[in-house]
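One structure is given below, encoded as structure tokens.
Just so it is clear, none of the values below were taken in a lab; they were calculated from the coordinates. Bear in mind that the values here come from a model prediction, so they are computed numbers and not experimental data. With ideal geometry, Cβ positions are generated from the backbone for all residues, glycine too; neighbour counts draw on all protein chains shown.
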């Protein structure tokens, strides 16, 4: 927001100073604007990929999760700064989007045609971003392993449940009682505090060489359960947001249908998997494994939508089911490139849509948002750190490390912010506060985890040093 | 067309007989129709994948190229029959699309919202189909090998040039003089007769075990050159279609810019490749190889569009360039799943948009289209079969097999039909005639090639039989 005027000014000067369009067409009306929609989508995708790679790599170089860089990159190219990736919902005019203006100039489009191209191109990018979350959750489902959960067992389950209940309750009650936020947005923000990012957590643990330690196993196990709980919470909350009221019967119905859908999918999966493998083995054309699996994920996404749940829950369930087949490694390999090209569209888009201008402390009315962000941040850390002390029957375990390991929110927290913003439940300060919370937890967790785990390590290097001396 | 009334009738009865919508919403206006666009896209994609797999596998079982089945499947689910995959351009109303009607009923949408969802969902599927051709030509570029061409050398070049010039001249002149077709559509149809499908031809040769024979090498070499020539012809013709007149200077400019673009891309590619590999090696986040390569393909597609060429020419050039890097095998592996999910959208959509109703011989005015199809078919076969006799300095070679090997048109021919139809150059009978020609050449070539190559084989089984007797 605070960069709007600057970028608009220089853009208009640029366009005025440019030579007349070299294209041979007369002014183009909206009926003939078809090819320009493709060019608009191509320019948007190029921007998204350059942003995600620059942001991701920079983030990686700073020893932070790449997803953080993609998100921050999205903020830079979006409504908060460069105005490259724009959506009609937060900017009504073609003149707000640099890409739409370039296309209008390239094709010599009239105002109506330019608006049509801008709307169509944004619609396509939005749907591609939604397909991106669907593929992401399908992949998370494929990477999650129900059998691993049974090994870490009860400890992980307790950590997961405390890690969902504590931040949700603290966050929701705090927002309502301290900040007088209406009930539904408060529940939504509370829910956004629940889900630990299994991707970020397990990656950080692997980098620190602690994936196989007792603490590491409990963290990963809890993050997996937490992921499932978080998605059920998301489905419940998103449906609540749709119907507009807190209907206890509806909540119960949703919890039951979410659980039944997920459990039913897993149970039916045992039968389905035999059939699936048989079908995939019989197919002789390209995509023999991928197309049936991907179609299954889309069907489950559609089914989930049809019974009032979120599409991504269906994709996650499809992933969990297909994870049980013998084909899982082959499928993982084939889904990865698809996730590589679709998932960044989602993260960059979430960043691009987040108007960080509302957090500008220079504007008096924004200060409430900043205070909320500070409050969410405190709850996000405290609500997860206490989970370490819920672990029972494990004397001498590093409780702090377990709690800290649950801090990063990552993907699922952003899914909440994106859906909350798309459905209109979250106002801008609250949405921006949630994104700030996700950015900060993701940002804080790796160095904190490194610090807490080093305490355990203190003896290890000493032993190693001793054995080297011997 | 002849099935329209039937399917509309039964659909309307179905919807009238259905219970009231179970969704809790009041009638939804177009501002809130966002999530339904996603559901519409998901339902369309599910239909596309089921169609492409059923059609492809059936085709494969009948020993025909799978792409033929995808195309015919598209015809079945499209405007000619089931009305599942529909586009506003050939059907103005929501009531013409089964999926749009299902969504209107599911979401209890008002007429305006339903039309908005129908238009948005069709726009998304259209762009996904265009991304499908871009990925397809990127993949064909990656599979083409400039070094292989130098081995088969002059023979292949002569076969390729004759195989482009002969059908183009015969087709264009014949359509203008015999059928009094206007010049631009005649040139477009003539151009659609030029490009041999390298995919289908090389696959058929491999299946018959003749890929490494002298005939096989000349066919594959010629098909590669032919592919490049066909794409230049496509770029020329599509640009001609856009500007609306045959401007000789413009043709020369286009031939020069198409050649310069392609050759420049390849020459610059040598420098670029070193940089590309260095960049890909330095990247540490997911998609380190795929995202730079894919972004390069999109940038080249955009550049090609910007200098009045087709986007697909850029994607093909990007593929040719990246084929020269050490990373080509790894890249091939990663592009394959993306092609698997995007390319079928293109083929099924081309089939779905083809209104075969215009070829119904019961309707008097359609007979011209059928006669044109018969003429195109004759030109398509004769124009390629004669190329075998253009081979020089190879006594005893199976000239008929080389000519027959060049017959299948496949992908590139369909690209012509799709672009011609989208740009409005081709009227329906001519578009349908081209699609019929592509279907029939693709359908005829494998058994014909099997027949002509068996003549050469006659001695081989005998020798094998003899050695088995010894």
- Spin-label model distance (nm) - residue B:363 vs residue B:394, 7 Å beyond Cα toward Cβ: 4.5 nm
- Can you tell me how much longer the chain between residue B:382 and residue B:255 gets when fully stretched, taken as 0.36 nm per residue apart minus their C-alpha distance, in nm with one decimal? 43.1 nm
- Query: Among B:44, B:59, B:213, what is the fewest-to-most ranking by other Cβ atoms within 10 Å?
  - Reply: B:213, B:59, B:44
- Note on the structure: If labels are modelled 7 Å from Cα along the Cβ direction, residue B:423 lies from its partners in the other copies at nm distances, smallest first, of 4.6
- Query: What are the distances, in nm and sorted shortest first, from the label point of residue A:281 to the label points of the same position in each other copy, with each label point placed 7 Å from Cα along the Cα-to-Cβ direction?
  - Reply: 4.3
- At residue A:395, with labels set 7 Å past Cα in the Cβ direction, how many nm apart are the copies from this one, shortest first? 9.8
- Query: Can you put A:438, B:164 in order, fewest other beta carbons within 10 Å first?
  - Reply: B:164, A:438
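Which of B:367, A:399 comes first, and how do the rest follow, when ranked by fewest Cβ neighbours within 10 Å? Display every interim value, and only then the final one.
Details: B:367 14, A:399 18.
Placing the least packed residue first, the sequence is B:367, A:399.
Averaged over peptide B:52-58, how many Cβ atoms belonging to another chain are found within 10 Å of each residue's Cβ?
Values: counts 5, 8, 0, 1, 7, 6, 1.
Mean partner shielding for this stretch: 4.
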- Distance from the stretch A:276-332 to the stretch B:341-396 (C-alpha centre basis), Å: 37 Å
- Message: Shape verdict for the stretch B:319-448, please, from the Cα gyration tensor: rounded (a/c under 1.5), prolate (a/b greater than b/c) or oblate.
- Response: oblate
